[in-house]
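Colleague: Okay, handing you the structure first.
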Amino acid sequence: MDEKKAFIKERLAEIQKKLPTGVALLGATKTVPAEYINYAAECGLRLMGENRVNELVEKYDSLNKDLLEIHFIGALQSNKVKYIIDKVSMIHSVDRLSLAEEISRRALAIDKVMPVLVEVNIGKEPSKSGVMPEDTLAFIKEIAKLKGISVQGLMTIPPKCDSKEKNIEFYKKIKQIFIDISRQNVDNVNMRILSAGMSGDWQEAAECGSNMVRIGSGLFGMRQYDVKS
């Protein structure tokens, strides 16, 4: 076994040991070769998430789709939806009506309903995509009318914080939004997934109510940016 595979096996076992009951682990696989993603799957990983359309398309045929459920977790341009609509089980990054409409249109064209998460810009950062927290419910009500998608929850990436306490504040805030929207019982909305927390803070996110954590470098090691994007 090479060193990389040994590292992945060890890290996956450690994370699974610490993962609370009911919290799903998604391996964030940006720049990770299919060989190592498949090895992680052999060791027990079941969810993977790609950030880049081109990279997903390049890897797709080599992935062990018998073991892996493939999600798309990165920023998505409407004109690239057509390349992934038949390849992924969920899209985490819906943040505008035009994107939701294109996903719905492309999904219906292949007789599919695509599960999606709404990305919330919980820190209201100008440099980040995502719906503003106060607009999230109205946005969900709008896109829930589309027949080719099914809203399954929320996704967020909080701002970089200089303290654990501040980070936790953002995770508590997104959890409250998640709860508030769940109570609305909007048609075509099944608020079952809160995707929040990454390699550096997934445990805090899980403690605050996230039930899906996205771990990249914490599982696969430091990224090697030699994969074409």
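Colleague: Could you please let me know if Glu101 is closer than 25 Å to Leu194 by Cβ and either touching a strand residue (DSSP E or B) at 6+ places or on another chain (Cβ under 6 Å) or open to solvent by 40 Å² or more (accessible area, probe 1.4 Å) (or both)?
Modeller: yes
Colleague: A further question follows. Looking at this structure, is Asp187 out of contact with any Ser or Thr (no Cβ under 9 Å at 6 or more places or on another chain) and without any contact (Cβ under 8 Å) to a residue 12 or more places away in the chain?
Modeller: no
Colleague: Then there's this: Please tell me if Glu134 is more than 20 Å from Gly197 (Cβ to Cβ) and modelled with pLDDT of 95 or more.
Modeller: yes
Colleague: For the range 43-79, give me the residue count where each residue is over 15 Å from the mean Cα position of the chain (by Cα) and of a type in the set (Gly, Ala, Ser).
Modeller: Number satisfying all stated conditions: 3.
Colleague: Could you count how many residues in the range 104-144 are within 23 Å of Lys87 (Cα to Cα) and assigned to a helix (DSSP H, G or I)?
Modeller: Final tally of qualifying residues: 7.
Colleague: Now a separate question. Identify, from the list Asn79, Asn167, the residue that is without any contact (Cβ under 8 Å) to a residue 60 or more places away in the chain and under 24 Å from Asn211 (Cβ atoms).
Modeller: Step by step, each of Asn79, Asn167 is checked, and only Asn167 is without any contact (Cβ under 8 Å) to a residue 60 or more places away in the chain and under 24 Å from Asn211 (Cβ atoms).
Colleague: Just a yes or no: is a residue in the range 37-49 modelled with pLDDT of 95 or more and farther than 14 Å from Asn64 by Cβ?
Modeller: yes
Colleague: How many residues does the range 134-157 contain that are among the aliphatic types (A, V, I, L, M) and under 24 Å from Ala205 (Cα atoms)?
Modeller: Residues meeting the conditions: 6.
Colleague: When only residues in the range 107-119 that are under 11 Å from Lys147 (Cα atoms) and of a type in the set (D, E, K, R) count, which is least open to solvent (accessible area, probe 1.4 Å)?
Modeller: Among those residues, the one meeting the criterion is Lys112.
The values are calculated or read from the model by the stated rules, or taken from the named source; none is laboratory data. Keep in mind that this is a model prediction, so the values were computed, not measured. Cβ sites come from the backbone with ideal geometry, for glycine too, and all protein chains shown count toward neighbours. Accessible surface is based on the protein model in full, side chains and every heavy atom, while ligands, DNA and RNA are left aside. Shrake-Rupley method; radii C 1.70, N 1.55, O 1.52, S 1.80 Å.
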